[in-house]
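One structure below.
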Amino acid sequence: MVPPVMAGRSKSPVDPSPDRGLAVARTVADLRRAVAGHRAAGRTVGLIPTMGALHEGHVSLVTGALARGDVPVATIFVNPTQFGPNEDFATYPRDEAGDFARLEAAGCRLVFAPDKAEMYPGPQLTTVSVAEITDGLCGPLRPGHFDGVATVVAKLLMMALPDRGYFGEKDYQQLQVIRRMVRDLAMPVEIVGMPTVREPDGLAMSSRNRTLGAAERAVAVSLYRAMTEVAEEVRGGQASCAAATAAAARRLLAAGFDAVEYLTVVDAESLRPLDRVNGPARVVAATRLGRTRLIDNIAVGPQKQAPETQRKT
Ligand code: AMP
């Protein structure tokens, strides 16, 4: 039995009582017992996988689960297998106490926060790999990344057996990979994609924003602006996507970005690059600003408001 961690209420992870309070499960066995308890009490469960360093974007997933009547169950695990050898696994922000407080305040009931040995008790000989959707964008730039994501999400879904899984559109390619994995493997879970939560100036909230210096933070806002300009230009097939994105990438470099890894307009489902928009499409981007890698995306469509009023896209 794992001791409860929240300062306020003492709560066991296997306690399915409907009152408030966050329980912490460190083992798969405790997670399963807690979820089974909620299920036995007639509740549905919504799983919210995260890597911690939580912000309002993550909170919106908890709120989304509550809005659908699910008991929100978050997971916090910085998954080493989705980081490349030269990526930021070691420096990825970690703040477990802050995360637990934020989850409890948001109405989350249970958090699964395993250590590496619990997630990977022995050599992992099985990998879930989703083809085609991972051929472009972050796929070739981060070899092995989506295999790591798909495999750990598959494991978390099998461990928790939730009714629904909540994922952010902020990581749009990841969302499409997970949707496809669930479909192809007939996993008995509904995947809910939630809109991106943004800062008032339009910057998508991200755990990695914590590593931006003040000057970089001022530059970072240009990414959302550039994406909205591209979306406006290419809407309805009125302009070439290649021309619009090439010009916008030049503007980002001029604004102070160190690199634009890609800035592309893609089909919203297949993620194949488009030259003219003639159906559901996304503007997708990956950039580097100092030591921070920022990714973002928005829908190409008729909806466009000032960033102040548009906290979500
Ligand atoms: P992460 O902790 O970055 O792995 O993200 C965990 C989940 O939160 C993923 O489903 C992300 O897509 C989602 N997420 C991250 N940032 C945001 C955001 N700004 N708005 C909505 N969802 C987000």
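List of remarks:
- Taking the conditions (1) within 20 Å of A268 (Cα to Cα); (2) open to solvent by 10 Å² or more (accessible area, probe 1.4 Å); (3) more than 13 Å from the ligand (Cβ to nearest atom) in turn, Q174 satisfies each one other than (3).
- Flag for G193 being open to solvent by less than 20 Å² (accessible area, probe 1.4 Å) and in a strand (DSSP E or B): no
- Test: residue in the range 177-195 that is closer than 30 Å to N86 by Cα, more than 15 Å from the ligand (Cβ to nearest atom) and of a type in the set (G, A, S): no
- Complete set of residues in the range 247-272 that are without any contact (Cβ under 8 Å) to a residue 12 or more places away in the chain and over 19 Å from G290 (Cα atoms): A247
- Count of residues meeting criterion [within 19 Å of V284 (Cβ to Cβ) and touching a helix residue (DSSP H, G or I) at 6+ places or on another chain (Cβ under 8 Å)] in the range 120-141: 6
- The number of residues in the range 17-57 that are open to solvent by 20 Å² or more (accessible area, probe 1.4 Å), out of contact with any Gly (no Cβ under 8 Å at 6 or more places or on another chain) and not basic (K, R) comes to 13.
- Sub-6 Å Cβ pairs linking a first residue in the range 34-54 that is in the same structural domain as A154 (by TED's automatic domain parsing) and in a strand (DSSP E or B) to a second residue that is more than 7 Å from the ligand (Cβ to nearest atom) and among the polar types (S, T, N, Q), at least 6 apart or interchain, are P49/T75, ordered by first then second residue.
- Counting only helices (runs of 4 or more DSSP H) that sit wholly inside the range 81-155, those with at least 3 residues that are more than 18 Å from the chain's Cα centre (by Cα) are 96-106, 116-119.
- Selected residue (only one of Q174, Q238 is under 25 Å from F146 (Cβ atoms) and of a type in the set (S, T, N, Q)): Q174
- Residue match in the range 276-292 (condition: surrounded by fewer than 17 Cβ atoms within 10 Å (Cβ to Cβ), part of a strand (DSSP E or B) and at pLDDT 95 or above): yes
The values are calculated or read from the model by the stated rules, or taken from the named source; none is laboratory data. Not measured: the values here are computed from a predicted model. We place every Cβ from the backbone using ideal geometry, glycine too, and count neighbours over all the protein chains shown. Just so you know, the surface numbers come from the protein's heavy atoms only, side chains and all, with ligands and any DNA or RNA stripped out. Shrake-Rupley method; radii C 1.70, N 1.55, O 1.52, S 1.80 Å.
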